Amino acid sequence: MKREDLKIIGNKTDNKNPKWTGAFSVSKGEEVLQFHQSFPEYEETPLANLPALAQKLGVQEIRVKDESYRFGLNAFKGLGGSYAIANYIADILDVSISELSYEKITAPEVTEKLKDITFVTTTDGNHGRGIAWTAKKLGVKAKVFMPKVSTQERLENIRALGADAEITTFNYDDAVRHAKSVAEENGWPLMQDTAWEGYEEIPSWIMQGYLSMIVESVNALNTPPTHVFLQAGVGAMSGAVTGFLANYYGDKKPIITIVEPDKADCIYCTAAANDGELHSVEGDLDTIMAGLACGEPCTIGWDMLSAYADFFVSIPDNIAAKGMRILANPLEGDDHVVSGESGAAPFGFLCEVLGNPEMSDIKEMLGLDSHSRVLCISTEGDTDKESYRRIVWDGEYPSV
Ligand SMILES: Cc1ncc(COP(=O)(O)O)c(C=O)c1O
């Protein structure tokens, strides 16, 4: 890989008054985790440890939160959809979300009140699967739209949960607009995992739902991380996690780096422009990192990232592929992680920066050294098994 393949920029924004910090408080994180713990499928996901790789690459610790184990859905996204739908139910029942558990939302007297609802959403795969999974548990309908680049396998995974899912002719952001108009025409709730002006309440619930994975991570770590690397599509997940880390660690917040595909780097472009506006990327957004193939930043996510993230990075597909291969082939004594294209992107970036002397200026910029303790989140497993095998077995998207 050549130095010019990677773009990195420090956070120059001056967001001193973020609006959404309180939504990602330590107590909210604990409340969300307690809610998810009430699910019969709940199990804490592993925090993989890679001591041999850390030694080889010259840092103290590398930990990877493995969300492929989440609820049997092979990705973290079910955390957001389930928590948002529970909030929606809390509103219908006129109770506080803190009073709701899995048992309460699936009680017959509750599901009876929901039976005419259809939840609508757009997804590259993982979020829609989470919405379909939750809808199935409640016995309600889900209508799921997917961008044109979506794979058949991801479509079938959603259909298998009983949702009415289809691949559209749109890119991700236009598919979201389409879902919004279908929802409005029919009076159905839009459960979208990105926010824009005028549509922030439901996405804020979805983002709060993501907190369970970072609460589990900080609870499992003996020593706080010095560096956290997070992937971004619209920036909702990374925004929620970043907001929580700022609340949890305060002055001792780790250095947070946001990683995006270069074909869909709307957060990077927004950070680079630094003009107080959100900047979009248009076109097909054709990257192998399907979960990150989003061209329009999430307003709430950007509020958190502009306030608390430290660096923004844009990477080519073969960096994510490299991350997948390294996690699939651990050094002796290290844990094994099955990580998909979007899951492995920040880890691939980390390995490239630490392992390639051409990237030494980036290593220095990030302050990575033998005292660094790094946390990455592998947000998905092999959600597209065919593609996973082509990359990990056949060496598709080689490092050049
Ligand atoms: C596996 C995976 N990782 C990360 C993300 C990024 O989340 P966000 O769009 O909130 O930035 C997604 C989004 O769909 C995803 O599916």
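Observations
- A search for C-beta distances below 6 Å between a residue of the range 151-164 that is farther than 8 Å from Ala132 by Cβ and any residue that is assigned to a helix (DSSP H, G or I), counting only pairs 6+ apart in sequence or on different chains, returns Asn157/Arg129.
- For the range 124-141, the set of residues classified as in contact with an Asp or Glu (Cβ under 8 Å, 6 or more places away or on another chain) and within 16 Å of the ligand (Cβ to nearest atom) consists of Gly125, Asn126, His127, listed by residue number.
To keep it simple, each residue is scored yes or no on (1) more than 30 Å from Phe170 (Cβ to Cβ); (2) in contact with a Cys (Cβ under 8 Å, 6 or more places away or on another chain).
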site	(1), (2)
Leu245	yes, no
Pro254	yes, no
Ala272	no, no
His279	no, yes
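- Ser212 vs. criteria more than 14 Å from the chain's Cα centre (by Cα), crowded, with 20+ Cβ neighbours inside 10 Å, at pLDDT 95 or above and in a helix (DSSP H, G or I): no
- Residue in the range 71-80 that is charged (D, E, K, R) and buried (at least 22 other Cβ atoms within 10 Å of the Cβ) present: yes
- Matching helices (runs of 4 or more DSSP H) fully within the range 55-156 where at least 3 residues are touching a helix residue (DSSP H, G or I) at 6+ places or on another chain (Cβ under 8 Å) and not charged (D, E, K, R): 78-93, 108-114, 126-138
- Checked against (1) out of contact with any Pro (no Cβ under 6 Å at 6 or more places or on another chain); (2) under 30 Å from Glu197 (Cα atoms); (3) of a type outside the set (D, E, K, R), Ser372 meets all criteria but (2).
- Some residue of the range 313-331 being basic (Lys, Arg), outside any helix (DSSP H, G or I) and either in contact (Cβ under 8 Å) with a residue 24 or more places away in the chain or surrounded by fewer than 20 Cβ atoms within 10 Å (Cβ to Cβ) (or both): no
- Taking the criterion of being closer than 14 Å to Ala307 by Cβ and surrounded by 20 or more Cβ atoms within 10 Å (Cβ to Cβ), the residues of the range 19-36 that qualify are Trp20, Ala23, Phe24.
- A single entry from Ile158, Ile97, Ile105 fulfils the requirement of being in contact with a Lys or Arg (Cβ under 6 Å, 6 or more places away or on another chain), modelled with pLDDT of 95 or more, crowded, with 18+ Cβ neighbours inside 10 Å and β-branched (Val, Ile, Thr): Ile158.
- A residue that is within 16 Å of the ligand (Cβ to nearest atom), over 23 Å from Ala52 (Cα atoms) and of a type outside the set (Asp, Glu) cannot be found anywhere in the range 353-374.
- Trp205 being more than 21 Å from Asp286 (Cα to Cα), crowded, with 18+ Cβ neighbours inside 10 Å and away from the ligand (no atom under 16 Å from the Cβ): no
The values are calculated or read from the model by the stated rules, or taken from the named source; none is laboratory data. Worth saying up front: this structure is predicted, and the values here are computed from it rather than measured. Cβ atoms come from the backbone with ideal geometry, glycine included; neighbour counts cover every protein chain shown.
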